[in-house]
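Colleague: First, the structure itself, so that you have it in front of you.
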Amino acid sequence: MFFKEPLAYRMRPEVIEEVIGQDDVIGRDTPLYKMIQQGHVPSMILYGPPGTGKTSLAYAISGTTNKDFYAINATTSSKKDIEEITAKAKVSEGAILFIDEIHRFNKSQQDYLLKALEEGVITLIGATTENPFHSVNNAIRSRCGQIKQLSLLSSSAVLQLLNKTLEDEMKGLGHIRVEIDNKLLEQIASVTGDARTALTLLEDIVYASDQDENEVFHVKPETVEYCIKNKGFTHDKKGDIYYNLLSGFQKSIRGSDVNAALHYLARLLAGGDLEAITRRLLVIAYEDIGLANPALCSRVLPAVESVERLGLPEARIPLSVITVELCLSPKSNTAYKALDKAIQHVQKGITDEIPDHLKDAHYSGANQLGHGINYKYPHNYPNGWVYQEYLPQSLKNASYYQPKEVGEEKRYAQIYEKLRNLQLQGRKEQE
């Protein structure tokens, strides 16, 4: 039997009972499942990576409810297409309009769509790989009762789908004889949480295998290894996965988990964006390591410069060293947190006149204004320190910096505490 359509297309579920995975979204105990079983389909946006079943779920919902179903792609459809569909929907009543890549609709398309939604002419199911809270018009979002995030399928769900495909004689590969070890199926299932990719892989692997005289396809480990190479990698530069990888990378370093940090670094390197990685490492050094290990902070820039000079694949070597060092270093965020407190004061207008003795005195007439008079030059005093007030009068008791007793900052904490005490002592004597 020869099929014109790809295996992944043929295996799309026709009703919601056939959907594999996404149990938290469309499982039998979910409100959405119960709504659809009762014939009520709310307008919704399905959001998630490619291959998680957004389109399949839309078709399955349509198949379950037997409502008229129209499907378009926002990249190729026009306002006229929507007008024609809504005209048909007015006749049929309760039609479902599925719009793939809905975030790509322009303003006039969105405006016309809003009108049809408000009048109840259509039920909208939008699909997007972008975060809808960033990429979909607020007005459309507000008219969608459900915004559901679909996740990559678990290995067990993918394995279930592969086994079902091998058994299905009408749509799957059950019409041919395939001999494949369960461990090889598990290996395929572990490569990706993308159902489309998994089914495409299975189809490629089966037809790349040798047949015996009985027309049985014998799948060998080396065939699987050849076909799955690099299939598990997903990267969408400037999209959600990209930012989530960078976030996971930084948070793993902050949490001192070397293995997790290296995992996310490997995925970022597969995307090839060295600039994003090195920029993030510079931020991490000063945001998360800070005063606990200033020497390490100063080593990050030379590492970044080495990465820029080397390029891939050699750049991975300095990246690995600096990532492990950052992970295992003591951590402190006290410096920038102290600055943030000061910034909050400024933004709230909590400021005051700069003390006269600190004001600029490098111009004619400064003396007449009292600027710079009585300023004490610290270098002229023992240990390079002398008591005088630096903060404005109303803020002289402000304390922004709260040191940690960790790493090198222990020493800074001791110096800070000593200077604070000398300042308080000098203030008392002045009073």
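Colleague: Which condition does His357 not pass, out of (1) at pLDDT 90 or above; (2) not in a loop (DSSP other than H, G, I, E, B), if it passes all the others?
Modeller: Evaluating His357 over (1) at pLDDT 90 or above; (2) not in a loop (DSSP other than H, G, I, E, B) leaves (1) as the failure.
Matching residues to (1) surrounded by fewer than 19 Cβ atoms within 10 Å (Cβ to Cβ); (2) modelled with pLDDT under 90:
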{"site": "Ile122", "(1), (2)": "no, yes"}
{"site": "Gly145", "(1), (2)": "yes, yes"}
{"site": "Lys164", "(1), (2)": "yes, no"}
{"site": "Asn182", "(1), (2)": "yes, no"}
{"site": "Asp194", "(1), (2)": "no, yes"}
{"site": "Leu202", "(1), (2)": "no, no"}
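Colleague: Now a separate question. Could you check region 118-194 for helices (runs of 4 or more DSSP H) lying wholly inside it with 2 or more residues that are farther than 18 Å from Lys54 by Cβ?
Modeller: Per the criteria, 138-142, 155-167, 182-191.
Colleague: Related question: Does Leu97 satisfy the criteria of being surrounded by 20 or more Cβ atoms within 10 Å (Cβ to Cβ) and in a strand (DSSP E or B)?
Modeller: Spelling it out, Leu97 is indeed surrounded by 20 or more Cβ atoms within 10 Å (Cβ to Cβ) and in a strand (DSSP E or B).
Colleague: Looking only at region 369-391, decide whether some residue is farther than 25 Å from Gly426 by Cα, in the same structural domain as Tyr416 (by TED's automatic domain parsing) and without any contact (Cβ under 8 Å) to a residue 40 or more places away in the chain. Full working, then the answer.
Modeller: Initial filter on region 369-391 (farther than 25 Å from Gly426 by Cα): 369.
Retained after the next criterion (residues that are in the same structural domain as Tyr416 (by TED's automatic domain parsing)): 369.
From the residues that got through so far, the ones that are without any contact (Cβ under 8 Å) to a residue 40 or more places away in the chain too are 369.
Yes; the residues of region 369-391 include at least one that is farther than 25 Å from Gly426 by Cα, in the same structural domain as Tyr416 (by TED's automatic domain parsing) and without any contact (Cβ under 8 Å) to a residue 40 or more places away in the chain.
Colleague: Can you work out which of the residues in region 66-77 that are within 31 Å of the chain's Cα centre (by Cα) and not β-branched (Val, Ile, Thr) is modelled with the lowest pLDDT?
Modeller: To start, the set of residues in region 66-77 that are within 31 Å of the chain's Cα centre (by Cα) comprises 71-77.
Cutting the leftovers down to not β-branched (Val, Ile, Thr) gives us 71, 73-74, 77.
Details: Ala71: 91, Asn73: 91, Ala74: 87, Ser77: 84.
Here the residue is Ser77.
Colleague: A further question on this structure: Scan region 408-419 and give yes if some residue there is touching a residue at least 24 places away in the same chain (Cβ under 8 Å), outside any helix (DSSP H, G or I) and either in the same structural domain as Asp257 (by TED's automatic domain parsing) or loosely packed, with under 14 Cβ neighbours inside 10 Å (or both), otherwise no.
Modeller: In the first step, residues of region 408-419 are kept if they are touching a residue at least 24 places away in the same chain (Cβ under 8 Å); the result is 408-409, 412, 419.
Checking the rest, the ones that are also outside any helix (DSSP H, G or I) come to 408.
Remaining after also requiring either in the same structural domain as Asp257 (by TED's automatic domain parsing) or loosely packed, with under 14 Cβ neighbours inside 10 Å (or both): none.
No, the conditions are met nowhere in region 408-419.
Colleague: Within region 205-226, how many residues turn out to be more than 17 Å from Lys164 (Cα to Cα) and either in a helix (DSSP H, G or I) or in contact with a His (Cβ under 7 Å, 6 or more places away or on another chain) (or both)?
Modeller: Qualifying residue count, region 205-226: 10.
Colleague: Listed residues Lys238, Lys251; which is under 23 Å from Asn131 (Cα atoms) and modelled with pLDDT of 90 or more? Let's see the steps before the verdict.
Modeller: Numbers: Lys238 fails: modelled with pLDDT of 90 or more.
Exactly one residue qualifies, and that residue is Lys251.
Colleague: Confirm whether Glu84 is more than 21 Å from Gly53 (Cα to Cα) and in the same structural domain as Ser135 (by TED's automatic domain parsing).
Modeller: Numbers: more than 21 Å from Gly53 (Cα to Cα): yes; in the same structural domain as Ser135 (by TED's automatic domain parsing): yes.
When the stated conditions are applied, Glu84 passes them.
Colleague: Being acidic (Asp, Glu) and either exposed (fewer than 14 other Cβ atoms within 10 Å of the Cβ) or within 29 Å of Ala292 (Cβ to Cβ) (or both), is that true of even one residue in region 381-403? Spell out how you get there, then give the answer.
Modeller: Residues of region 381-403 acidic (Asp, Glu): 389.
Checking which are either exposed (fewer than 14 other Cβ atoms within 10 Å of the Cβ) or within 29 Å of Ala292 (Cβ to Cβ) (or both) leaves us with none.
The answer is no, given that none of the residues of region 381-403 is acidic (Asp, Glu) and either exposed (fewer than 14 other Cβ atoms within 10 Å of the Cβ) or within 29 Å of Ala292 (Cβ to Cβ) (or both).
Colleague: Limited to region 103-117, what total is found for residues that are surrounded by 16 or more Cβ atoms within 10 Å (Cβ to Cβ), assigned to a helix (DSSP H, G or I) and within 30 Å of the chain's Cα centre (by Cα)?
Modeller: 6
The values are calculated or read from the model by the stated rules, or taken from the named source; none is laboratory data. Keep in mind the model is a prediction, meaning the values are calculated, not measured. Because the Cβ atoms are built from the backbone with ideal geometry, glycine has one as well, and the counts that use them run over all protein chains shown.
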